[in-house]
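The values are calculated or read from the model by the stated rules, or taken from the named source; none is laboratory data. As the structure is a computational prediction, the values presented were derived from the model and not from experiment. Positions of Cβ are generated from backbone atoms using ideal geometry, with glycine treated the same way; all protein chains shown enter the neighbour counts. All accessible areas refer to the heavy atoms of the entire protein, side chains included, with ligands and DNA or RNA removed. Shrake-Rupley method; radii C 1.70, N 1.55, O 1.52, S 1.80 Å.
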Amino acid sequence: MSFDLELKGRRGLVTGGTKGIGAAVVRALSAAGVELVTTARSAPAATMDHAHYEPADLTTADGCARVAAVVERRLGGIDLIVHVVGGSTAPAGGYQALSDDVWANEINANLMAAVRLDRALVPSMVAQGSGVVVHVTSIQHELPLPESTTGYAAAKAALSTYSKSLSKEVAPKGVRVLRVSPGWVETEAAVRFAERLAAEAGTDYAGGQRIIMTGLGGVPLGRPSRPDEVADLITFLVSARASAITGAEYVIDGGTVPTA
Ligand SMILES: NC(=O)c1ccc[n+]([C@@H]2O[C@H](COP(=O)([O-])OP(=O)(O)OC[C@H]3O[C@@H](n4cnc5c(N)ncnc54)[C@H](OP(=O)(O)O)[C@@H]3O)[C@@H](O)[C@H]2O)c1
């Protein structure tokens, strides 16, 4: 059996590729030889050798249209899209704290960015009869945390359902569509969160991590996933080694969701 990923020379877009999971995906796909465009609102801390960085706000239709045009201009087509962009800017306070504007922002960031970019770019995959799309969802779509992320969790659930439907539509045309659903991942932001919880509780970093695990109802693995571990899974899924896999959701959460 060969484990040649057959990714060398492929053309790809990774959204949200400057930090956390997205930056790890950019590193992994670049190392595998993929020619990349990536986007975020602010420039990456370090220059990227093998990816073109395009500044854009993907919560807007204009931002998505501009990125799709840049992909076409720089890559001349596309073989894979990894939709990493997402997150929550909602305040704490439960469902009553979620105004229409907050809801719109959660839905634009976590659902519409992917919907708009797919609508612009998937037709060229269909025309060439091949391509792979990965939507990064979250275990929160089945295990929501109501204090501040109800809107985020609902938007990720919509993304997951949208992804499944798209997969059924385009699989017969040679395009695979998949979901990767992370649990707690130790990104720079997650480290800062654990440090803050630790400081508030007067404990150390490991104590801050235990508070997070308790809030999640326990993490059997006893630690968060690392961004590189999520990127490795995505790299396999977009590769030729996963060519019979479509319409599926892969959970990477150290066992957090009890039924997974
Ligand atoms: N970390 C976790 O524990 C975890 C768990 C489950 C699911 N996820 C999902 O995994 C994905 C990545 O999470 P992460 O924790 O790695 O995120 P992160 O560290 O916050 O990075 C997010 C990336 O997206 C960019 N971005 C954010 N808003 C944007 C916008 N409006 N337009 C364009 N780019 C934007 C950010 O750059 P700028 O800020 O400069 O724009 C950055 O490059 C998200 O979809 C998240 O929901 C994460």
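Remarks
- Extension gain from Ala61 to Val191, taking 0.36 nm per residue of separation minus the Cα-Cα distance: 43.6 nm
- Overall dimensions of the stretch 179-260, expressed as equivalent-ellipsoid semi-axes from the Cα gyration tensor (√(5λ), whole Å, largest first), are 30, 14, 8.
- With every protein chain in place, the stretch 39-167: carbon and sulfur % of accessible area (1.4 Å): 55 percent
- Estimated from the Cβ-Cβ distance and a Förster radius of 25 angstrom, the FRET efficiency linking Ala206 and Leu145 is about 0.70.
- Heavy-atom SASA rank of Asp228, Asp118 (probe 1.4 Å, accessible area, largest first): Asp228, Asp118
- Of the GluC sites (Glu not before Pro) found in the stretch 84-174, those that fall in a DSSP loop while having at most 15 other beta-carbon atoms within 10 Å are Glu147.
- Estimated [θ] at 222 nm from DSSP helical runs (n ≥ 4, -39500 (n - 2.57)) normalised by residues in the chain, nearest 500: -13500 deg cm²/dmol
- Projected-area mean, the stretch 1-118, by convex hull of Cα positions, square nanometres: 8.9 nm²
- Only Cα pairs under 8 Å and 6+ residues apart enter the sum, and on that basis the relative contact order of the chain stands at 20 percent.
- Anchor Lys164: lysines whose Cα lies under 17 Å away (excluding residues fewer than 8 positions away in-chain): Lys156, Lys173
- Its residues counted as N, the chain yields a C-alpha radius of gyration over 2.2 N^0.38 Å of 0.99.
- The Glu169 and Ser42 beta-carbon pair, evaluated with R₀ = 41 Å, returns a calculated FRET efficiency of approximately 0.75.
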